[in-house]
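Peer 1: This is the structure, below, for whatever I ask next.
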Amino acid sequence: MNGQEREALLEAASTPYRERDASGGILSSPAFMDLDPALRDELVLRQAWMREVERALHPMGWSGTVSAVMERIG
Amino acid sequence: MTVTEIDSLFIKSRAGDRAAFAEWAGRIERPVRTSLVRFARAVDVEVVMQETLLRMWLAAAHTRKSIEGENASLRLAIGVARNVAREELRRARRDAHAPLEDVEDSTEGIVEPSPGPDPGLARAIRQCFEKLPGRLQTTLAHRIHHGATRPDRDLAEQLGLKLNTFLQHIVRARKSMAECLRRKGVELAGVAS
């Protein structure tokens, strides 16, 4: 995996969007499954960074995580 | 007994107050996420965070357990998150949810909620966002406003981009914002470039 592919994979896993299974269970990002352990350490930091940016730019001050959950609970 | 601000928000959630719950979730998100770092190599922390918040919403709505002790709702959320992470680890073997009663006293280390919104940080982020080149700003804004409910492939298609191009725009936007924030003396956790 070259640097550009690595960055794209990390960015793909940093989105708050997660697919759901038939019973409504939240599924891990496919990109997460392709990351090796060291990159997973990097991912958790990158997710936290992106959530801060989302919080600052969202009209209600919600991170992507909070937005996903609020959408879910209706 | 004094009820902390975040516990007050959580108690309001019991009456179905969605705004109070969203504010509560924003206040406990950082410490709960931090508590999950040790699971980061094994589980997708974003999944654990969302499942934890959903369970806390259900707990707020459907249980009458008292919220006692400083930041009890945060300590409860950290306990729930830890159990969700463990369930994720076991998912291949079984699919059982841990009862809330098993985690209510599970405190680890210092537990502090996030302070309220930081106007200075938010302003710095917005200023750096505004400095992004047009295409990068458009792409990042689309992800921020719609990324919680739509997959990247849909967002890319809406912008007329290939998925890989969309992701490369996000990469470049993040790096540019990180550098801008550094120049302002802001080091967000997790900024890598």
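Peer 1: Measure off 7 Å from each Cα along the Cα-to-Cβ vector at residue B:126 and residue B:175, then give the distance between these two points in nanometres to one decimal.
Peer 2: So the label points at residue B:126 and residue B:175 sit 2.8 nm apart.
Peer 1: Which one, B:145, B:171, B:127, projects farthest toward the positive side of the charge dipole computed for segment B:119-183 from Cβ point charges (K/R +1, D/E -1)?
Peer 2: Selected residue: B:127.
Peer 1: Read phi for every residue in segment B:128-144 and hand back ³J(HN,Hα) as whole Hz from Karplus 6.51 cos²θ - 1.76 cosθ + 1.60, θ = phi - 60°, with x for Gly and Pro.
Peer 2: Once rounded to whole Hz, the list reads 5, 4, 5, 7, 5, x, x, 5, 5, 5, 4, 5, 5, 4, 5, 5, 5.
Peer 1: A further question follows. When the chain is fully extended, how far beyond the present Cα-Cα distance does residue B:37 get from residue B:187, taking 0.36 nm per residue of separation?
Peer 2: Working: separation 150, 0.36 × 150 = 54.00 nm, distance 1.87 nm.
Gain on stretching residue B:37 to residue B:187: 52.1 nm.
Peer 1: Set the Förster radius R0 to 41 Å, insert the Cβ-Cβ distance between residue B:8 and residue A:34 as r into 1/(1 + (r/R0)^6), and round the FRET efficiency to 0.05.
Peer 2: On the way: r = 42 Å, r/R0 = 1.04.
Taking R0 as 41 Å, the efficiency between residue B:8 and residue A:34 is 0.45.
Peer 1: What part of the accessible area of segment A:3-73, given as a whole %, is carbon or sulfur when the probe is 1.4 angstrom? Intermediate values should be presented prior to the final figure.
Peer 2: Values: 1440 of 2690 Å².
Here it works out to 54 percent.
Peer 1: Considering only the other residues whose Cβ falls under 10 Å of the Cβ of residue B:33, what net charge follows from Lys and Arg at +1 and Asp and Glu at -1?
Peer 2: Numbers: positive: A:51, B:30; negative: B:29, B:46.
Its environment carries a net charge of 0.
Peer 1: Calculate how steeply helix A:37-57 sits against the longest principal axis of the alpha-carbon atoms of chain A, using the helix alpha-carbon long axis, and give the answer as 0 to 90 degrees to the nearest 10.
Peer 2: 40 degrees
Peer 1: Would you mind checking segment B:1-33 for residues with the amide N under 20 Å from a putative spin-label position 7 Å along Cα→C-beta of residue B:68?
Peer 2: Residues B:1-12, B:14 qualify, since their backbone N sits under 20 Å from the label point.
Peer 1: Can you give me the Rg/Rh ratio for segment B:5-102, using Cα atoms for both radii and the Kirkwood formula for Rh? Intermediate results must be reported in sequence, preceding the final value.
Peer 2: On the way: Rg = 13.1 Å, Rh = 13.6 Å.
Using only Cα positions, Rg/Rh for segment B:5-102 is 0.96.
Peer 1: Starting from segment A:1-64, pick out the GluC sites (Glu not before Pro) whose DSSP state is loop and whose Cβ has at most 13 other Cβ atoms within 10 Å. Write down the numbers at each step before the final one.
Peer 2: Numbers: sites: A:5, A:7, A:11, A:19, A:42, A:52, A:54; in loops: A:19.
Those that pass, being in a loop and sparsely packed, are A:19.
Peer 1: So what is the 222 nm mean residue ellipticity for the protein assembly as shown from helices alone, if each DSSP H run of at least 4 adds -39500 (n - 2.57) and you divide by all residues, rounding to the nearest 500 deg cm²/dmol? Can you show the working numbers first?
Peer 2: Working: 12 runs with 164 residues, N = 267.
Calculated at 222 nm, the ellipticity per residue is -19500 deg cm²/dmol.
The values are calculated or read from the model by the stated rules, or taken from the named source; none is laboratory data. Treat the numbers as computed from the prediction; the structure is a model and nothing was measured. Glycine also receives a Cβ, built like all others from the backbone with ideal geometry; neighbour counts cover every protein chain displayed. Heavy atoms of the whole protein, side chains included, go into the accessibility calculation; ligands, DNA and RNA do not. Shrake-Rupley method; radii C 1.70, N 1.55, O 1.52, S 1.80 Å.
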